[in-house]
Amino acid sequence: MDTSRVDAAVIGAGVVGLAAAWSIARRGHSVCVLERERRPGLGTSTHNSQVIHAGMYYPTGTLKARFCVEGARMLYDFCAAQGVPHRRCGKLIVAQHPEGTNTLEALKMRGEGNGVRGLKIVDQAFVHEREPHVRATAALHSPDTGILDAEALVRTLERLCVDLGAAILPGTPLSGADRHNGDLELHTPSERILAGVVVNAAGLYADEVSVAFGGEAFTIYPCRGEYAELVPAKRPLVNGLVYPLPHAGGHGLGVHFAKTIHGNVTLGPTVCFQARKDDYESNRLPVEDFLEPARELLPELRLEDLRLGGSGIRPKLHPPEGSFADFRVGWDRDSPGLIQAAGIESPGLTACLAIGEEVARLFEGGA
């Protein structure tokens, strides 16, 4: 069996793994990226709302808040420079009742504490001008929130990695791990790879990868989110991003409308913890279940205006009874040479470039 050596091996070719590989390779180091699926980005990276978040939802001082705000600015610059389709369309978080204004004010204060720019509480007339069909008494307007083409982002990061000599290895799951003369040894079905440092960006499988390297024990809880879509004739009812007030239990940002870069309008995601990490389709919700949350925002919608959309699975670090867990990014305490980039759910797409830079900084700085 062949054996090769690299400075860094990244497990997982989603946007976080590719961003980390790109950041390390740009500093002149040899990198390979193992991806269990047949091509990069088939998991959580492309099964989401494809939103560039501004950063007002996350507790101040958390990695989610920091990497979201930093990452959004980096991502806008990156997309513009690399030709990744994107649009800074802005977002409205709407309240349907006057008492909801207090929640909007709290979100605004939190966002400003996180460094989010331009947040403003707006009235019904402001909402009506931008989203004439949306019901709201007031809203929080976030002008820096946007959308992008997540698949184009994955392809671009992959190309940039390859241009720098990084080896992207799709269809290559990690089958085992060991230590060899100070290096970490990665076992795959076809070869063994020695790496000075391993980056665990394995998404839904990050807990299993950590165990394989003797790293910290944690659990990834798969949480499926399902989407509906507006039928093509009803897409003009939504112009941008329209969110309800976030769920009080902390299990998501609420079922929201998102007009994608390609013009279709998604409604979702729902929240359902499940056992399997690869089950996107069994026991799908009927489209009828989306009508009530849809009409909370767009009262004129009828059942025939909706059709089922896709689904995604979030790699959460807290169980159903929990409400918040921060990203896990840093050197592993138990396994020398292992950098964790785990639990990267929302706002992971927004934060990917900032996380990648942090991983590269850790790599160069040493444990």
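Here are the numbers:
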| read-out | value |
| --- | --- |
| Matching option when the condition is among the β-branched types (Val, Ile, Thr), open to solvent by 30 Å² or more (accessible area, probe 1.4 Å) and at negative phi, among VAL265, VAL271 | VAL271 |
| Failed item, numbered, when ASP326 is tested on (1) in a loop (DSSP other than H, G, I, E, B); (2) out of contact with any Ser or Thr (no Cβ under 9 Å at 6 or more places or on another chain); (3) of a type outside the set (Lys, Arg) | (2) |
| Count of residues meeting criterion [in contact (Cβ under 8 Å) with a residue 24 or more places away in the chain and either charged (D, E, K, R) or surrounded by fewer than 16 Cβ atoms within 10 Å (Cβ to Cβ) (or both)] in region 116-136 | 5 |
| Any hit, region 178-199, residues being open to solvent by less than 50 Å² (accessible area, probe 1.4 Å), assigned to a loop (DSSP other than H, G, I, E, B) and under 30 Å from THR260 (Cα atoms) | no |
| Pick from region 202-247, criterion crowded, with 17+ Cβ neighbours inside 10 Å and polar (S, T, N, Q), ranking: nearest to SER323 (Cα to Cα) | SER210 |
| Per-region count, region 43-77, residues within 14 Å of the chain's Cα centre (by Cα), of a type in the set (A, V, I, L, M, F, W, C) and not in a helix (DSSP H, G or I) | 3 |
| Test for GLY111: is it at pLDDT below 95, of a type outside the set (Lys, Arg) and in a helix (DSSP H, G or I) | no |
| Odd one out for ASP305 among (1) acidic (Asp, Glu); (2) farther than 22 Å from GLY43 by Cα; (3) open to solvent by 10 Å² or more (accessible area, probe 1.4 Å) | (3) |
| Spans of strands (runs of 3 or more DSSP E) in region 126-171 with at least 2 residues within 25 Å of CYS352 (Cα to Cα) and among the basic types (Lys, Arg) | none |
| Candidates ARG27, ARG5, ARG38 - the one that is touching a Pro at 6+ places or on another chain (Cβ under 7 Å) and either surrounded by fewer than 20 Cβ atoms within 10 Å (Cβ to Cβ) or in contact (Cβ under 8 Å) with a residue 40 or more places away in the chain (or both) | ARG38 |
| Hits in region 279-320 - residues which are without any contact (Cβ under 8 Å) to a residue 24 or more places away in the chain and assigned to a loop (DSSP other than H, G, I, E, B) | SER282, ASN283, PRO286, ARG302 |
| Flag if SER335 is in contact with a helix residue (DSSP H, G or I) (Cβ under 9 Å, 6 or more places away or on another chain) and of a type in the set (Ser, Thr, Tyr) | yes |
| GLY12 touching a helix residue (DSSP H, G or I) at 6+ places or on another chain (Cβ under 6 Å) and either modelled with pLDDT under 95 or farther than 30 Å from TYR205 by Cα (or both) | no |
| Residues satisfying the stated conditions in region 85-101, i.e. modelled with pLDDT of 95 or more and open to solvent by 80 Å² or more (accessible area, probe 1.4 Å) | ARG87, ARG88 |
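The values are calculated or read from the model by the stated rules, or taken from the named source; none is laboratory data. Owing to the predicted nature of the structure, the values given are computational and were not obtained by experimental measurement. Glycine gets a Cβ as well: all are built from the backbone with ideal geometry, and neighbour counts include every protein chain shown. Only protein heavy atoms, including side chains, enter the accessible area calculation; ligands, DNA and RNA are left aside. Shrake-Rupley method; radii C 1.70, N 1.55, O 1.52, S 1.80 Å.
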